[in-house]
2 protein chains.
Amino acid sequence: MNDLKKTDAIALQNVNIHDGFWSKRQRLVRDVVIPYQWDALNDRIPGAEPSHTIENFRIAAGESEGSYYGMVFQDSDLSKWLETVGFQLSLQRDEQLERLADETIALIGRAQREDGYLNTYFTVKKPGERWTNLRDDHELYCAGHFIEAAVAYHEATGKRQVLDIACAFADHIGNVFGPGPDRLRGYDGHPEIELALVKLYKATGSRSYLELSKFFVEERGRRPHFFDEEEERRMVKRPTDRRYDYFQAHLPVREQHTAEGHSVRAVYLYSGMADLAAEYGDAELLEVCRKLWHNVTRRRMYITGGIGSSAHQERFTVDYDLPADRAYAETCASIGLVFWAQRMLEIDPDREYADVIERALYNGLLSGISLDGKSYFYVNPLEVWPSACNHRHDMKSVKTTRQPWFGCACCPPNISRLIASLGRYIYSSSDDGLYVHQYIGSTVKQTVGGVQTELTQTTGYPWHGQVTLTVSPERAAEFAVAVRLPGWCKEPKLTVNGAEVDVSGAGAVSNGYAKIRRVWEPGDRIELTLPMEVEVVRPNPHIRDCAGKVALQRGPVVYCLEEADNGSNLRDVTLSTGGEFIVEHDGELLGGVTLIRAQGWQTAPDAASESLYTTEAPPRTAVSLTAIPYFAWANRGEGEMLVWVREA
Amino acid sequence: MNDLKKTDAIALQNVNIHDGFWSKRQRLVRDVVIPYQWDALNDRIPGAEPSHTIENFRIAAGESEGSYYGMVFQDSDLSKWLETVGFQLSLQRDEQLERLADETIALIGRAQREDGYLNTYFTVKKPGERWTNLRDDHELYCAGHFIEAAVAYHEATGKRQVLDIACAFADHIGNVFGPGPDRLRGYDGHPEIELALVKLYKATGSRSYLELSKFFVEERGRRPHFFDEEEERRMVKRPTDRRYDYFQAHLPVREQHTAEGHSVRAVYLYSGMADLAAEYGDAELLEVCRKLWHNVTRRRMYITGGIGSSAHQERFTVDYDLPADRAYAETCASIGLVFWAQRMLEIDPDREYADVIERALYNGLLSGISLDGKSYFYVNPLEVWPSACNHRHDMKSVKTTRQPWFGCACCPPNISRLIASLGRYIYSSSDDGLYVHQYIGSTVKQTVGGVQTELTQTTGYPWHGQVTLTVSPERAAEFAVAVRLPGWCKEPKLTVNGAEVDVSGAGAVSNGYAKIRRVWEPGDRIELTLPMEVEVVRPNPHIRDCAGKVALQRGPVVYCLEEADNGSNLRDVTLSTGGEFIVEHDGELLGGVTLIRAQGWQTAPDAASESLYTTEAPPRTAVSLTAIPYFAWANRGEGEMLVWVREA
């Protein structure tokens, strides 16, 4: 740690999740998603789009005949699967799974070239063209994902082979790229290696990886532009659009103040930048990250934590342009936002980061996976009218039902690695204690104030706002426990061993965290009460698409109306915000969810005229509305859905 | 006339327009638009997209060297210009203009092949490939536009040359297409020739043209499918989408009950179908037209008379899918809708047709041309936020300012031919009298009940609803004058020579027309009073995009808010519909328009929070709103605009 960085992550092995909401999802990853995705990578899912990923590695290893198939970044699907396995093994060793992973790692090793290079697309399909199109070909992106997988698997198992493959590749990359003569001053069109190299540095202690990461970040967007130069070397006939904002390479990163271009690329880059700011104590770079953070979270983020509002180029557009029905809000982008937020939070514990993690986790990220773990959304709209989605070309990216797999299958393994590594996002440690960021039932073991301490969290989150933290140092010790008071909660209450702690006065709370410093005895109990009222959320008046509409939120969970509960033509519905909301937990429905019942209005049945335009308002009739958590939508067949409801 | 057709058109020469609103627009066509578009066809407009149309004809005539340039249907731009000139000369002979047209016709004649074929694209670029791709190549479409031009020019001048060229081409087409052996059983992907051949039949009396039109209509959509067959003959490697609804060829026309596909193609086809229904007394075909009419006007039409709500394929989508900001509503489609409506109206005088003509004329059609006549909208959105239009790929077809010309320049000459021929849409004659459909100051001369009669209309329409009709038969005669009571008018009043005529009782009005049968003396006066209240128009509740919004209309004119008058972020504005509206005529603004002042609400300045989502509604403040006629928008620079305003 340096002056900039105030907290540290806690190793995944040290956090054990036992949570009513998340444990079943982690089991789903272990029991269903990892095997399912392995089958997908091996093309064994009937009706799903082909993957060919494992076969590409076999061909690259010379063990199978055939041609490469898939996206240029198909290798990364395997890496994300392997990373998920690594996280899973950190939670719980599993001989059979480990054997499968070891065999896969061995296959990857056999597909690696002698000089350390590893990429089945170029090895099989374009052996002479390595590193000739950094802008488009994702070589360093794939390298990054493999490095992340290697670090995770090594951390879980202690096995060196995978790390050796990664280091050999990273060393090779270090020989190709850099400021020296005969090196390429390039960087990848899709950021990812930057954050991966920081992980490899931390796993190995080898500072050259950190420096290589810094090199990639600092080169980005510099003039003369590397993407121009490599394009000229390729002698392409029609030079492409050279604005490069799509790649976050329109300006040197320190001059970027708004989030532009492809949203996943953006947040992966910003994550790497935050890492470097922390490692180098680079206040200027951190300030850039903060400006970008404000732009994203105060101008360009959906209420679900979705980002990137344009299907074309999967990109950011302009401030406040957040259409609900044409939201792109790629699942991967919300995941990347969580990666970035967690890094910002570790540097500087401020609840605005943890609040955004929570917002994405319980909404736009979790919506990416079906309740059974076998189908996925790539795009997460906030409103769906299936008729329009199925007939309007400008909505063709919006799917009304989750898909079993994708030709571009970045999202499914990204969700599974996030869920498997969820333990990383709950706590962090500081010089003087422990931070509790997320409310997820779990036990963390950590040395705090020189004393081995166990903290156990129990909670009914996200359905109930009661959180109990039992602090158990080996022996009595003085340190601080800082608990986040979520931004959505208006009247949090905190007690320690039954005695109330003031969280309302000035100084009692810093950046949204109530910091309790005292001598902790084994078994001391912190009780945090976060009353979960049904909140009527109002959009900023500049979000044109939401004008006149409200959304319902309870705790961290954003709600939506679905046709299954409320009939069709949901835009016609208005919600009475002055009336009473009834909160009802249904343990069976949608895997167990809390519902909100509300009153509203709708055009009386058959009252609509045959005319398109009249001067008479048709009579309206009172209706009872049922809202379900947004993340659970589209688990009951195709139908309309909407988050932002017109206010009566 | 047969049993089906109740009225007849009146020749353009017999209607003289002298109108406060339209005469200046007709003069604009004569003085500015015809010369401007001639310059455009000759590539003399600096900064406009190239046309090359005249040059294509010179090359085809062997009088210039070079290659063909432009769309495959570029010839039609010249035909529409020539048709406009024909209409203009019907209004007023002009030696200089006639000389230019005659020279142009001579050039067209020299570009015609010996066998009668006429199409510069195929003559210059693909001489061996005539009639091999009817689906895509617009050969019959271009033929149709030339025939229309020829008929109009011949009607105006009596000169035969242009009609001879057209007949030679039509005869050639009749030798290529038809049911006989060695003939193609094909039809054009873009309907147009169907309605043109009916005009040629009427101009020449040659029934073969009518039969050829019927052939084209009846073949459409039959199985085995001609488009499949010609594609197979072309031996294309990847057969295209064979649903063919884009071309209205998915079903035989008599089985089509909903308007599908490209909207301009659709209404051109339906116009031809209505013509054939009338000429053949074909009640079944008329019933098909009526079903399609109901689908378009009761499910798929914007309040502006715009149709075709998808930029992709410029097409109809599904019922009630009418997004304001992504409206396509091509100018040509509204013009085609007028063509079709006029044919339906002549068959069966029912105000619903005349109301739609009026709706298109004063709104979505007229918006296609700037007040100075020199720039054009192809796409007519009902809401514009320039930021999104300029940055969202799914809105790239929406232009925020009118353009000087287009690569695909179908719309500008289509508007000018419509305005020049406006006299055709005002009256029609029936066995027992005269119908008055549109309120446009004008004089019509027509034999009615065997007596030469002049009817003079004076009106301040569309700003004032007072209409005076002076009926002047050569001598006293009994006949009927039927006047339309527009659908928008709740309490029309009618007097004849000062005596009130009851228009409220049953039987007094038939299909929206008050029919006054009496012995008319020269100088008899009908006074029609159509009180123009500011109407708050409410959308059908199934139009999802309009939910909670209203539009202002006064008389036939739909209003909009523009940023120039009301500031930005217009979606944030709500309109008080319970309050008073102030109507104000401004003789200077926008060429002279009546404004509506209204009260509304908007978020108080600087009251918006920095957060995207809050639970506090920001304070609102009362604002004065100014609405201008929709057709006049975008004449004061780039800015926001919207038609559908949230109701307070």
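The values are calculated or read from the model by the stated rules, or taken from the named source; none is laboratory data. What you see is a predicted model; the values in this text were computed from it and never measured. Virtual Cβ from ideal backbone geometry, glycine too; neighbours counted across all protein chains shown. Calculation scope for accessible area: heavy atoms of the full protein, side chains included, ligands and nucleic acids excluded. Shrake-Rupley method; radii C 1.70, N 1.55, O 1.52, S 1.80 Å.
Remarks
- Tally, over the stretch A:299-319, of residues that are more than 8 Å from chain B (Cβ to nearest Cβ) and at positive phi: 3
- Evaluating B:Tyr246 against the criteria (1) more than 14 Å from chain A (Cβ to nearest Cβ); (2) touching a residue at least 12 places away in the same chain (Cβ under 8 Å); (3) surrounded by fewer than 24 Cβ atoms within 10 Å (Cβ to Cβ) leaves one unmet condition, (1).
- Matching residues in the stretch A:487-509 - criterion: being open to solvent by less than 70 Å² (accessible area, probe 1.4 Å) and either touching a residue at least 12 places away in the same chain (Cβ under 8 Å) or within 14 Å of chain B (Cβ to nearest Cβ) (or both): A:Gly487, A:Trp488, A:Cys489, A:Pro492, A:Leu494, A:Thr495, A:Val496, A:Gly498, A:Val501, A:Val503, A:Val509
- Total residues in the stretch B:31-52 satisfying the condition of being assigned to a helix (DSSP H, G or I) and more than 14 Å from B:Pro412 (Cα to Cα): the figure is 1.
- Selection status of B:Thr594, crowded, with 18+ Cβ neighbours inside 10 Å, more than 10 Å from every other protein chain (Cβ to nearest Cβ) and polar (S, T, N, Q): yes
- Considering only residues in the stretch B:371-412 that are touching a His at 6+ places or on another chain (Cβ under 9 Å) and surrounded by 22 or more Cβ atoms within 10 Å (Cβ to Cβ), the one that is farthest from A:His542 (Cα to Cα) turns out to be B:Asp394.
- Checked against (1) free of Cβ contacts under 8 Å to residues at least 24 places away in the same chain; (2) in a loop (DSSP other than H, G, I, E, B), B:Glu103 passes all but condition (2).
- For the stretch A:126-150, a residue qualifies if it is assigned to a helix (DSSP H, G or I) and either of a type in the set (Ser, Thr, Tyr) or open to solvent by 30 Å² or more (accessible area, probe 1.4 Å) (or both), and the qualifying residues are A:Pro127, A:Gly128, A:Glu129, A:Asp136, A:Tyr141.
- Filtered residues of the stretch A:600-635 (kept if open to solvent by 20 Å² or more (accessible area, probe 1.4 Å) and closer than 22 Å to A:Arg554 by Cα): A:Trp601, A:Val623, A:Ser624, A:Asn635
- Enumerated helices (runs of 4 or more DSSP H) restricted to the stretch A:174-251, each holding at least 2 residues that are at pLDDT below 95 and out of contact with any strand residue (DSSP E or B) (no Cβ under 8 Å at 6 or more places or on another chain): A:226-234
- Restricting the search to strands (runs of 3 or more DSSP E) fully inside the stretch A:516-566 and requiring at least 2 residues that are in contact (Cβ under 8 Å) with a residue 12 or more places away in the chain and away from every other protein chain (no Cβ under 13 Å) gives A:524-529, A:557-562.
- Taken as a whole, the structure places A:Val583 among residues that are farther than 29 Å from B:Asp321 by Cα and either within 12 Å of chain B (Cβ to nearest Cβ) or in a strand (DSSP E or B) (or both).
- The stretch A:322-358 - residue that is away from every other protein chain (no Cβ under 14 Å) and in contact with a Cys (Cβ under 9 Å, 6 or more places away or on another chain) and, of those, surrounded by the fewest Cβ atoms within 10 Å (Cβ to Cβ): A:Ile347
- Selection status of A:Asp319, touching an Asp or Glu at 6+ places or on another chain (Cβ under 8 Å), surrounded by fewer than 24 Cβ atoms within 10 Å (Cβ to Cβ) and farther than 16 Å from A:Leu365 by Cα: no
- Count - residues of the stretch B:99-125 that are open to solvent by less than 20 Å² (accessible area, probe 1.4 Å) and within 20 Å of B:Gln37 (Cβ to Cβ): 7
- For B:Ala277, the stated conditions do not hold, so it cannot be described as touching a Phe, Trp or Tyr at 6+ places or on another chain (Cβ under 8 Å) and either closer than 27 Å to B:Arg359 by Cβ or part of a helix (DSSP H, G or I) (or both).
- Residues in the stretch A:269-284 that are within 20 Å of A:Gly189 (Cα to Cα) and open to solvent by less than 10 Å² (accessible area, probe 1.4 Å): A:Leu269, A:Tyr270, A:Ser271, A:Gly272, A:Met273, A:Ala274, A:Leu276.
- Residue in the stretch A:151-163 that is assigned to a helix (DSSP H, G or I), in contact with a strand residue (DSSP E or B) (Cβ under 8 Å, 6 or more places away or on another chain) and open to solvent by 10 Å² or more (accessible area, probe 1.4 Å) present: no
- One residue from A:Val288, A:Val236, A:Val217 being more than 28 Å from A:His542 (Cβ to Cβ), buried (at least 19 other Cβ atoms within 10 Å of the Cβ) and over 20 Å from the mean Cα position of the chain (by Cα): A:Val217
- Among the candidates A:Arg554, A:Arg484, A:Arg544, A:Arg538, residue that is open to solvent by less than 50 Å² (accessible area, probe 1.4 Å), at pLDDT 95 or above, among the basic types (Lys, Arg) and farther than 30 Å from A:Gly579 by Cα: A:Arg484
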